[in-house]
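A.B. asks: What follows is a structure written as structure tokens; I'll ask about it next.
Read the figures in this text as sums done on the coordinates, not as results from a lab. Owing to the predicted nature of the structure, the values given are computational and were not obtained by experimental measurement. As a convention, Cβ positions derive from the backbone with ideal geometry for all residues, glycine included, and neighbour counts pool all protein chains shown.
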Amino acid sequence: MRIHLRPLTRAAFLLWLMFASLFSSLTAHAAKRDFEMNIEDTRITLVEKQQYHTFAFAGQVPGPLFYVDEGDEITVNVNNLTALPHTIHWHGMLQRGTWRQDGVPDVTQEGIKPGESYTYKFIAEPSGTMWYHCHVNVNEHVALRGMWGPFIVRPKKPTALEKKVTKDFILMLSDWDSKYANKPGFGGLPGDKFDYFTINGRSFPDTQPLRVSKGDVVRLRLIGAGDLVHSIHLHGHVFQIAFKDGFPLTNPIHADTVLVGPGERYDIIFTADNPGRWMIHDHVDTHTMNGDRPHGGIMTVVEYTEIKHDDAWYPWKNKKFQPNFYYEESLKKGPGIYTDDVFKGQLIQ
Ligand code: CU
Ligand code: CU
Ligand code: CU
């Protein structure tokens, strides 16, 4: 069907089109992202038979991925289904003009009581690798109960280096004390002895490989979600420490090991130019233990797809690969808020 427009109508139409496209380009980066999230008593498995009672965001540890654009309007309605009060602090968010959304009990709000709800509203700024966590009794709720998740804000102006990234992974590091595994409401005291150490809530060998191919530019977003400092060493590659707490470094530091302290984020970027299987692990030896057994904890393998996994002695020869363990599939999809069964525990009624 052909539409004939009179010259005047056509001019008006073109003018409208110009304004409409200008308006949409101005507002393109300010999507509204609404999310409803429960906090639930959830039992997760750190490794093998070691389970842990957590207060889990959306019943999973880590919590759902918030992947948004800089400037997006975020609304999160939180329902507390547990027996203790909680809040959510959006670590890294500036909260300009919205200080009451900062999630600190007795400073910006009252703790969200059991059975109650609270709605957080704020603008996603600045950009970078952020995270969120409870701010009530952090010694227990963050350090021992899995109350944390990743919050990635995509920048309006990405750096030249991050534009080259072809594989994007999130690794949240944390520590656990097995003596409090079944004692919710307890733990988080000086002298506690952490004896389990996880990446995204799992210890080796129940972590997953980081799968890359030759030529990939790989970004690992390391987030210190626990109580200890982790010394992350990647074998066979030089990486650039490109971002600290979400902010790009003017002069990225070349390194093979980086210290990640509680609350800190480091984004490290490397070119996958050396096909093989390469360890990436915590160089603090006691953090590669599962309880009293060595060869566990914060440890995984960068596996090149070019290398076969048919060596009989390779412990992960027949491993059932769980994609999205590092949120890599969600990150490919672009902005959104993502839950995933790979992190879900069992609800404790
Ligand atoms: Cu809490
Ligand atoms: Cu924090
Ligand atoms: Cu090493």
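A.B. asks: How long, wide and thick is the chain, going by the Cα atoms along their three principal axes, in whole angstroms, largest first?
C.D. replies: Rounded to whole Å, the extents work out to 82, 52, 42 Å.
A.B. asks: Turning to a different aspect of this structure: Jot down the per residue volume, in cubic angstrom and as a whole number, of the convex hull over the alpha-carbon atoms of the stretch 186-235.
C.D. replies: It is 117 Å³ per residue.
A.B. asks: To continue, here is another question. Taking only DSSP H segments of four or more residues, each worth -39500 (n - 2.57), what value at 222 nm results for the chain once the sum is divided by all its residues, to the nearest 500 deg cm²/dmol?
C.D. replies: Helix-only estimate at 222 nm: -3000 deg cm²/dmol.
A.B. asks: Post the alpha-carbon centroid distance, the stretch 155-181 to the stretch 106-138, in whole angstrom.
C.D. replies: The stretch 155-181 and the stretch 106-138 have Cα centres spaced 20 Å from each other.
A.B. asks: Taking amide H positions as placed in the peptide plane 1.01 Å from N, state which residues far from Met130 in sequence (5 or more) or on other chains have amide H under 5 Å from it.
C.D. replies: Phe151, Ile152, Val153
A.B. asks: Now a separate question. Out of all DSSP beta bridges with both ends in the stretch 32-154, state the antiparallel percent to the nearest 5.
C.D. replies: Taking every DSSP beta bridge within the stretch 32-154, about 65 percent pair in antiparallel fashion.
A.B. asks: How big is the gap, in Å, between the Cα center of the stretch 261-279 and the Cα center of the stretch 304-348?
C.D. replies: So the two Cα centres are separated by 17 Å.
A.B. asks: Binning every alpha carbon pair distance of the stretch 267-323 at 5 Å from zero, what are the percents per bin?
C.D. replies: The calculated distribution, bin by bin, is 4, 15, 19, 23, 21, 14, 4, 0.
A.B. asks: Of all the C-alpha pairs in the stretch 32-154, what % are more than 20 Å from each other?
C.D. replies: Of the Cα pairs, 38 percent sit more than 20 Å apart.
A.B. asks: So, one more: Straight-line reach from Lys332: which lysines have a Cα under 19 Å away, not including same-chain ones fewer than 8 places off?
C.D. replies: Lys156, Lys157, Lys163, Lys164, Lys167, Lys214
A.B. asks: To continue, here is another question. Check the straight Cα-Cα distances from Lys113 and name the lysines below 25 Å, setting aside those fewer than 8 residues away within the same chain.
C.D. replies: Hits, sequence-local ones excluded: Lys121, Lys183, Lys344.
A.B. asks: Mind sorting Met172, Met289, Met93 by how few other Cβ atoms lie within 10 Å of their own Cβ, fewest first? Can you show the working numbers first?
C.D. replies: Working: Met172 25, Met289 18, Met93 22.
Neighbour counts put them in this order, fewest first: Met289, Met93, Met172.
A.B. asks: I would also like to ask the following. Which ordering of Val229, Val78, Val238 is given by a fewest-first count of other beta-carbon atoms within 10 Å?
C.D. replies: By the 10 Å Cβ count, ascending: Val238, Val229, Val78.
A.B. asks: When a footprinting reagent is the concern and you count Cβ atoms within 10 Å, what order do Tyr196, Tyr326 take, fewest first?
C.D. replies: By the 10 Å Cβ count, ascending: Tyr196, Tyr326.
A.B. asks: Which number comes out as Rg/Rh for the stretch 160-328 once both Rg and the Kirkwood Rh are worked out on C-alpha atoms?
C.D. replies: So for the stretch 160-328, dividing Rg by the Kirkwood Rh gives 0.98.
A.B. asks: With both partners inside the chain, how many of the DSSP beta bridges are antiparallel, as a percent to the nearest 5?
C.D. replies: Here the antiparallel bridges make up roughly 75 percent for the chain.
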